[in-house]
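Down below is the structure, laid out as structure tokens.
The values are calculated or read from the model by the stated rules, or taken from the named source; none is laboratory data. Just so we're clear, the structure is a prediction, and the values are computed from it rather than from any experiment. When we count neighbours, we look across all protein chains shown, and the Cβ atoms used for this are built from the backbone with ideal geometry, even at glycine. Ligands, DNA and RNA are excluded from the accessible area calculation, which covers all protein heavy atoms including side chains. Shrake-Rupley method; radii C 1.70, N 1.55, O 1.52, S 1.80 Å.
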Amino acid sequence: MLEPEESNEVIRAMKLVMLDKITEDALSDMDDLAGLKFKGRMDYFRTCIG
């Protein structure tokens with residue numbers, strides 16, 4: 001079993017991967033202006049996750 005600190009790092013990494021996948025998928029369906037705004041929001045979430 002992982003130590004709590006290791007577990008937190010694994011969860012953090014999983015969140016970042018999922019955020020990247022969601023962002024990539026969503027951007028492929030948006031026009032340029034909406035995509036730019038959405039990417040800015042996702043970058044903020046990425047910063048918050050760490």
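Lys and Arg at +1, Asp and Glu at -1: add these up for the other residues within a Cβ distance under 14 Å of Glu9 and post the number.
On the way: positive: Arg12, Lys15; negative: Glu3, Glu5, Glu6.
Within the 14 Å Cβ shell, the charges total -1.
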Relative to the chain, whose Cα atoms define the longest principal axis, helix 32-49 and its Cα axis are tilted in degrees, nearest 10, by 10
Taking every alpha carbon pair in the chain and sorting the distances into 5 angstrom bins from 0 up to the bin holding the longest one, the percent per bin comes out as 4, 21, 24, 19, 13, 8, 6, 4, 2, 0
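What accessible area per residue comes out for the chain, rounded to a whole number of Å², with a 1.4 Å probe? Kindly include the intermediate steps, with their values, before the conclusion.
Working: 4270 Å² over 50 residues.
I get 85 Å² per residue for this part.
Work out the length of the dipole vector of the chain about its Cα centre, built from +1 on the beta-carbon of each Lys and Arg and -1 on the beta-carbon of each Asp and Glu, and round it to the nearest 20 debye.
With Lys and Arg at +1 and Asp and Glu at -1, about 200 debye.
What does the charge count around Met30 come to, taking other residues whose C-beta lies under 13 Å from its C-beta (Lys +1, Arg +1, Asp -1, Glu -1)?
Numbers: positive: Lys37, Lys39, Arg41; negative: Glu24, Asp25, Asp29, Asp31, Asp32.
So the environment of Met30 carries a net charge of -2.
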Placing +1 on each Lys and Arg Cβ and -1 on each Asp and Glu Cβ in the chain, then taking the dipole about the Cα centre, the residue among Leu19, Phe45, Leu33 whose Cα reaches farthest towards the positive end is Leu33
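In the chain, carbon and sulfur make up what percent of the accessible area (probe 1.4 Å)?
Numbers: 2600 of 4270 Å².
The C+S portion of the solvent-accessible surface of the chain is 61 percent.
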Taking Lys and Arg as +1 and Asp and Glu as -1, residues besides Cys48 with C-beta under 14 Å from its C-beta add up to +3
